[in-house]
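Colleague: Have a look at the structure that comes next, please.
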Amino acid sequence: MVKMSTARQTEPWQSAEVPGPKKALLINDPRIVLALIKRSKNPILIVGHRAAEIELSGGQLVDYIIRLAEAANLPVVSSPSIQGEFIRRGFKRIIGMPVVDIANRLTDAGWAGLNNKGQHDLALLIGFKYYVGWLILSGLKHFSPNLKTVSLDMYYQPHASWSFPNITREEWEKNLNAIISGLG
Amino acid sequence: MGIGFKLDFEKNLRLRIGEIKSDIGVLKNIEVSIGKVIGEEWAEEIGPTPFPSIVDLREWDFKLLQRYKPFYMPFCDLCCLCTFGKCDLTGDKRGACGLNMTGQQSRIVLLACCIGAATHTSHARHLIEHLIGKFGRDRPLDVGGLNVEVEAPITRLVCGVKPRTLGDLEDILGYLEREIVRLLAATHTGQEESNLDFESKVFHAGMIDHVALEIADIAQISALGFPKADPEAPLTEIGLGVVDSTKPVILVIGHNVPPAAAIVDYLMDNGLYGGVEVTGLCCTAHDVTRYNPKAKIVGPISWQLRFIRSGVADVIVVDEQCIRADTLIEAQKIRAPVIATSDVNCIGLPNRTGDEVNKIVEDLVSGSQPGALILDPAKAAEVAVKTALLIAPKRMKFKSLPDTSDVVEGAKNCRKCDDCRRACPNDLPIKEALAQALNGNLDALASLYDECVGCARCESACPINLPLHSFIIKAAEKKLKEEKYKIRVGRGAIQDVEIRSVGSPIVLGEIPGVVAFVGCANYPRGGGEVAEMAVEFAKRRYIVVASGCAAMSIAMHKDEEGKSPYEAFPGVFDAGGIVNVGSCVSNAHIAGAAIKIASIFARRRLRGNYEEIADYILNRVGAVGVAWGAMSQKAAAIASGFWRLGIPVIVGPHGLKYRRMLLGRKDKPEDWYVYDARTGEKVYVGPAPEHLFYAAETKEEAMVMIAKLCMRPNDTTRGRAIKLSHYIDLHKRFFGTMPDDVHLFVRTLADVPLTMRDEVIKILEEKGWKENIIPDPTLLPRLVRRRVSG
Ligand code: SF4
Ligand code: SF4
Ligand code: SF4
C-alpha cells in the first residue's frame, strides 16, 4: 500500500510538467485499480517501450504486465518495438501499435475498439517515458470524454484520471503485485 | 523594380483576368508586362497560384487534413493569451472568447510556425541585404553552374518567378513578410475558430518558410562561393577533439554566416589563417566550413556549454538563432569576450558598431567590457581576430570545469533530493551517478554524457548549486578528447542530372526512398541513434540526405574501420549515398529535390503550380523527413513546409511536445481513395503514406515507420515489392514479427516480394485480401484525363 509521505509525491515527476486545473486522483490504495478494472465494461492496457527496460525483483516490467493482463483478461496494445518481448514469453495476443495511433483511435467515438466491442471505457497505461505518458494522457483527457485513464507508472501523471504518486521502485512493485494478486 | 510594384502587379494581373475575356487589348498588355516583370526568358505557362495568399491553397490543405487528422496533446489546459484569461479549456470547455481546445492548440502550433518562418525570413533578409551591399543587386545566382538549371525550385513553384540575381531574391522577401504578418494576425484573439483553418495556416507558414530557406541559401551559395551542388564537397573535421587548443581559438555560434565568413577573410587577408583556429557550433559552423573547409565544427547545438566551459575558445562570436541565452554569463566564467553581431540577438551588450576597432579590442582584452555588439560583420571580424590574438596568452585557456576533487566534494554535499533528475529532460539518474563518484570513480557520471543534451537544467534545479553538467563533462573528459570525426561539407543543391538519373527509380519505387535526417539535437538517447539510422538506410540503398545538427550527429560515429559515415558512403544523391546538404537553410534543397523530380523528371509544370506538384509528390515521391531531435520553432516551420508538399515527417519522442500529430487511419478504407487520372474512377490505394506527422518512441519504431512511409500509390509492382521487403525485413528484425498490415500495401500479387511470398500470401488469405488496380493517382479531380508523362 502506498503511503503518502510528502506533498512532493503528487507533483509532476518532471517538475516543469504542470498541467492545469484538472489533475489525476491519487491511487493511494491498489484496490482502487482493482475496482476500476472490475467496474469497466471494456478496458484496455497500453504498454510503452520502457516495459522491456525496467528490471524489478520478479523480472522485467513486461513480465508483471503479462501477469496483470492475464489475471484481468485485458486486451493489450504495446509499442511495436516491444511486441516481440510479449510473444517470446508466450503472450501471443499482444497487438503492436504506436502509442500515438492507439491514443488517436481512443479519441474516436466511432472506433470499434481493439476487440470490436466498441468504445473502451478504461485505459491503463504503463511503461512510458514520463513526458510521453504525460502528453498521451493529456490528449486522452481532453479528447476522450468517455474514457477513464489510469497511469500505472511509478510517477504522478497529472493528466490521468487516476495515477500513482511518485513512489520508489519497491513501493511500485509492491503495488503492482497487489493489483495482480487482487485480480487473480 | 521594388517588391511593392511586383506584388501589386501580381494582384492586378489576377484581378484583371476577368477583363481578359472581353478585352483583347488588355490581355496583350498584360502578357507583355508579365514577360518583363517576372522572367523574361521563362516561357513556362504560369500556374493557378503564383504568390499564393493565406487562403489560396486552403482546399489542398483540407484534403490533406481530411486524411491526416490532427491529434492534439495539449501542453497546458489553459490559455493565457489575453486578459480575459486565463481560461480553462479542459475537455469541451470554451474560453471567454469562445475558443476551444483544438482551436487553441492549433493556434499555438501556428504561432510556433510563424516564429520559425519569421526567423528564417529575417535571416534571409539580413543575409541578402548584406550580400547585395557587398556584391550588388545584379550579382547572378549560381547554385551549380550548368548542372543546376532549376536554381530555385521552391521559389518557382510558390511564387511563379524565376530569380536570376541577388536583387530578385530581395524582391521575394516582401511577399514572405506580408504573408507572415497575415498569419500572425490570424492568431489574435477573435480570429479563426476552426482548428482546421489554423492548421491550413500552419501549412502556409511552412511553405513560406521553405521559400525563405531557399532564397537565403542560394544567395549565400552564389555570392560566397560555397560548394555548388558538389557530391564531392570536401571533408572537414568535427568534434570537440579536433580543435587545436595551442592556438588562439575563435568560436562562432549560430546560423547567419557573414561575421564568420568575414573572420576567415580577415585572417586570410592578413596572413594569419594558420595561426588562429576558427571553430563553429550549429549551422554557422556548417556554413563557415562551406566557405572555408579548413574551419572546424565543434558539434551540434547541444555542445555549446560543454565547449564553452572547456575554456578552449578565446573569443566567442554569436550571430542568431538557437544560441543559449546565458552565453555571456558562461563566457565570463572562462574570461572570454563575446561579440554579438545580430540585431535580433544583442545579448544586452553596448552597441559599438560605430567605435574604433582598436578601442573595442582594448576594452575586451582588458576585461573592462565583457563583450560588444558590432553590427558590421567586417568590423566584428577584425575585432574578433585582434582580440583573440591578444587575449589568448592572457587567458591561458582558463576553463570553468571542475577537478575530480570538486566532483567528489559535490557528491559529499548532495542532499539526494532528486531535483536534478526531475529537471532533466532525459530523466538521467544524476543523483545515483554522483553517489558513485564519492570514492573518486566518475564512470557512472561519464556514462550520462552520450544522452545528455547539455541543457544544464539539472544545475538550475540543484538547491546547493552543484555544476552537474560540468561534473558530467569532467567525467567524460577522455571521451571528449577522442571526439574526432570527418564530415562532408554541405554541398547545397541537388544537380538536375542527378534528378534525371534517380527520378525514374524513385517514382517507380525501385530506389526505395529518400530519407532526410534534419533538425536539432534534442535527442532522447544521444545523437548516435541518428547515425545508426542513417547508416542503416544508406546500406539498404535508400538515398540518405542530411542537414543541420542531424548532419553533424551522423558524422560523429565510426564504423569498425574507424570511418565516419561521410567517409564510408558517397555524397551523391543516389542509392546508398549520404548527402549533407548543409545548414538549416539548406533544407530547401531537400524539398527542392522532391519538386525537381516532378518538374525535371516528370515534366510537370512548376511555375505557380503548387497544388499539382504537391499532389505529385504525395502520390509518387517516396520521401520521408526524420527530425529525431527537433526542438525549435524553426524545425516546426520546416516540417510544416514538408507536410504541405506531401512529405511525411517523423520526430523523436520529444517531438510529441509540438503537441499535435497528423495521423492517418489505416483502419478506415474510405480515407485512402484517389482518382485514377486516366479514368476519373476512385481507387483504393491503401494507407500510403500512412501519416504526415508522427512521433516514434524508439529508433527501432522510427526505422520501421521510415520504410513504411516511403510507400506511395504510384509505386510499380517491382518498386512496391522492394519497399515492402524493406518494411517487412525491418519489422521482423526490430519487432520480431510480420507486420499485421501487409495486406493493405499489396495491390496485386506482383507487389509481393519474391523471397517472402509464402508468408505474405498466407496473410493475404487470412485477411480476405482482394486484388486492386494501380491507378495513375491524384487527389485533384481537375487532373483527371490530363495525364502528363511520369
Ligand atoms: S484568447 Fe480566448 S481562450 Fe485565450 S485567454 Fe483570451 S479569451 Fe481566454
Ligand atoms: S545538462 Fe544533461 S544531465 Fe543536466 S538536465 Fe540537461 S540533459 Fe540532463
Ligand atoms: S539536485 Fe543537487 S542536491 Fe539534489 S540530488 Fe541532485 S545533485 Fe544532489
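The values are calculated or read from the model by the stated rules, or taken from the named source; none is laboratory data. Keep in mind it's a predicted model, so treat the numbers as computed, not measured. Cβ coordinates were reconstructed from backbone atoms using ideal geometry, including for glycine residues, and neighbour counts include every protein chain displayed. Just the protein is used for accessible areas: all its heavy atoms, side chains included, with ligands, DNA and RNA removed. Shrake-Rupley method; radii C 1.70, N 1.55, O 1.52, S 1.80 Å.
Colleague: Can you compute the equivalent ellipsoid semi-axes for the range B:82-186, i.e. the square root of 5 times each eigenvalue of the Cα gyration tensor, sorted largest first and rounded to whole Å?
Modeller: Value: 41, 15, 10 Å, ordered largest first.
Colleague: Calculate the length of the line joining the C-alpha centroid of the range B:413-441 to that of the range B:76-141, in whole Å.
Modeller: The range B:413-441 and the range B:76-141 have Cα centres spaced 37 Å from each other.
Colleague: Now a separate question. Quick one: angle between helix B:377-395 and the longest Cα principal axis of chain B, in degrees between 0 and 90, rounded to 10, please.
Modeller: 40 degrees
Colleague: I would also like to ask the following. What whole-number value in Å² describes the accessible area per residue of the range B:416-533 for a 1.4 Å probe?
Modeller: 34 Å²
Colleague: What net charge is computed for the residues neighbouring A:K41, neighbours being all others with C-beta under 13 Å from the C-beta of A:K41, Lys and Arg scored +1, Asp and Glu -1?
Modeller: Net of charged neighbours comes to +3.
Colleague: Take the cross-link list B:K228/B:K296; B:K63/B:K539; B:K294/B:K399; B:K399/B:K484; B:K596/B:K770 and give me the ones stretching past 27 Å between alpha-carbons.
Modeller: The pairs that break the limit, which is 27 Å between Cα atoms, are B:K63/B:K539; B:K596/B:K770.
Colleague: Nearest 5 percent is fine: what portion of the DSSP beta bridges confined to chain B is antiparallel?
Modeller: If we restrict to bridges inside chain B, about 35 percent are antiparallel.
Colleague: Can you pull the one-decimal nm distance between simple spin-label points at A:A16 and B:T737, each 7 Å off the Cα toward Cβ?
Modeller: 3.7 nm
Colleague: Give, rounded to the nearest 20 debye, the magnitude of the charge dipole that the protein assembly as shown has about its Cα centre when Lys and Arg contribute +1 at Cβ and Asp and Glu contribute -1 at Cβ.
Modeller: Rounded to the nearest 20 debye, it is 1720 debye.
Colleague: Another question, then. Which of the GluC sites (Glu not before Pro) across the range B:560-607 are loop residues per DSSP, with 14 or fewer other Cβ within 10 Å?
Modeller: Passing sites in the range B:560-607 are B:E560, B:E561.
Colleague: For q = 0.05, 0.07, 0.09 Å⁻¹, what log10 I(q)/I(0) does chain B give under the Debye formula with an equal point scatterer on each alpha carbon and no solvent?
Modeller: The Debye formula, applied to the Cα set alone, gives -0.26, -0.52, -0.86.
Colleague: Cβ under 13 Å from B:N147's Cβ, B:N147 left aside: what net charge do those residues give with Lys, Arg +1 and Asp, Glu -1?
Modeller: Neighbourhood net charge equals -3.
Colleague: So how do B:550-556, B:235-241, B:475-481, B:107-113 stack up, highest first, on mean other-Cβ count within 10 Å?
Modeller: So the peptides B:550-556, B:235-241, B:475-481, B:107-113, ranked by packing, come out B:550-556, B:107-113, B:235-241, B:475-481.
Colleague: Please state, as a whole number in µm²/s, the translational diffusion coefficient that the Stokes-Einstein equation yields for the range B:574-697 at 25 °C and 0.890 mPa s, with Rh defined as the Kirkwood radius across alpha carbon pairs.
Modeller: It diffuses with D of about 155 µm²/s by this estimate.
Colleague: Roughly what angle does helix B:757-766 make with the longest principal axis of chain B, taking Cα atoms, 0 to 90 degrees, to the nearest 10?
Modeller: So the helix axis and the longest Cα principal axis differ by about 70 degrees.
Colleague: Take the alpha carbon atoms of the range B:571-638, find their center, do the same for the range B:472-544, and report the distance between the two centers in whole angstrom.
Modeller: When both Cα centres are located, 15 Å separates them.
Colleague: Let me ask another. Mean separation of Cα pairs under 8 Å and 6+ residues apart, divided by the residue count of the range B:240-479: what relative contact order is that in percent?
Modeller: Computed value for the range B:240-479: 18 percent relative contact order.
Colleague: Just reorder B:M738, B:M207 by solvent-accessible area, largest first, 1.4 Å probe, all chains present.
Modeller: B:M738, B:M207
Colleague: Still on this model: Sequence gap at least 6, Cα distance under 8 Å: using those rules, report the relative contact order of chain B to the nearest whole percent.
Modeller: 15 percent.
Colleague: Quick one: angle between helix B:528-539 and the longest Cα principal axis of chain B, in degrees between 0 and 90, rounded to 10, please.
Modeller: 40 degrees
Colleague: Please find the FRET efficiency linking B:Y673 to B:R525, where r is the Cβ-Cβ separation and R0 is fixed at 56 Å, and quote it to the nearest 0.05.
Modeller: 0.90
Colleague: Ok, one more. Under the rule of at least 5 residues apart or a separate chain, name every residue whose amide H is placed under 5 Å from the amide H of B:E320.
Modeller: B:H255, B:N256
Colleague: What fraction of the DSSP beta bridges in the range A:41-183 is antiparallel, stated in percent and rounded to the nearest 5?
Modeller: Close to 10 percent.
Colleague: Calculate the length of the line joining the C-alpha centroid of the range A:12-71 to that of the range B:667-743, in whole Å.
Modeller: 32 Å
Colleague: How much FRET efficiency would the formula 1/(1 + (r/R0)^6) give for A:N115 and B:K762, where r is the Cβ-Cβ distance and R0 is 35 Å, rounded to 0.05?
Modeller: 0.95
Colleague: Take every Cα pair under 8 Å in the range B:716-773 that's 6+ residues apart, average their separations, divide by the length, and report that relative contact order as a whole percent.
Modeller: Result for the range B:716-773 is 39 percent.
Colleague: A further question on this structure: Could you work out how far apart the two model spin labels at B:K412 and A:A71 are, taking each label as a point 7 Å from the Cα in the direction of the beta carbon, and quote it in nm?
Modeller: According to this spin-label approximation, the distance is 4.7 nm.
Colleague: Further question on the same structure: Roughly how many debye, to the nearest 20, is the charge dipole of the range B:409-462 about its Cα centre, given +1 on each Lys and Arg Cβ, -1 on each Asp and Glu Cβ, and no other charges?
Modeller: 260 debye
Colleague: Provide the net charge surrounding B:Y727, with neighbours chosen by a C-beta distance below 14 Å and charges set as Lys +1, Arg +1, Asp -1, Glu -1.
Modeller: Overall, the nearby charge balance is -2.
Colleague: I've got another one for you. Work from the charge dipole of the range B:664-769 (Cβ charges, +1 for Lys and Arg, -1 for Asp and Glu, about the Cα centre) and give the residue of B:M703, B:I722, B:P669 farthest towards its positive end.
Modeller: Looking along the dipole axis, the top candidate is B:I722.
Colleague: Still on this structure, please answer the following. List the DSSP H helices in chain A whose Cα atoms stretch 15 Å or more along the helix axis and whose mean Kyte-Doolittle hydropathy is at least 0.0.
Modeller: What comes out of the filter, once short or polar helices are dropped, is A:61-72, A:130-143.
Colleague: Using θ = phi - 60° and the Karplus form 6.51 cos²θ - 1.76 cosθ + 1.60, what ³J(HN,Hα) does each residue of the range B:314-322 get, whole Hz, x for Gly and Pro?
Modeller: 8, 9, 10, 10, 10, 10, 9, 6, 6
Colleague: Next question. For B:D443 and B:S405, FRET efficiency with R0 = 25 Å and r from the beta-carbon atoms, rounded to 0.05?
Modeller: 0.90
Colleague: Just from its helices, what would the mean residue ellipticity at 222 nm be for the protein assembly as shown, if runs of 4 or more DSSP H residues each count -39500 (n - 2.57) and the sum is divided by every residue, rounded to the nearest 500 deg cm²/dmol?
Modeller: Taking each H run of at least 4 residues, the total per residue is -13000 deg cm²/dmol.
Colleague: Nearest-5 percent of antiparallel DSSP beta bridges in the protein assembly as shown?
Modeller: That works out to approximately 25 percent antiparallel.
Colleague: Before we go on, tell me the buried accessible area for the B/A pair, both chains summed, 1.4 Å probe, in Å² to the nearest 100.
Modeller: 3800 Å²
Colleague: For the range B:494-642, how big is the tail of P(r) above 19 Å, as a whole percent of Cα pairs?
Modeller: It works out to 50 percent of all Cα pairs.
Colleague: Now, a different point. Once you treat every alpha carbon in the protein assembly as shown as an equal point and sum by Debye, what is log10 I(q)/I(0) at q = 0.08, 0.09, 0.10 Å⁻¹?
Modeller: Relative scattering, expressed as log10 I(q)/I(0), comes to -0.79, -1.00, -1.24.
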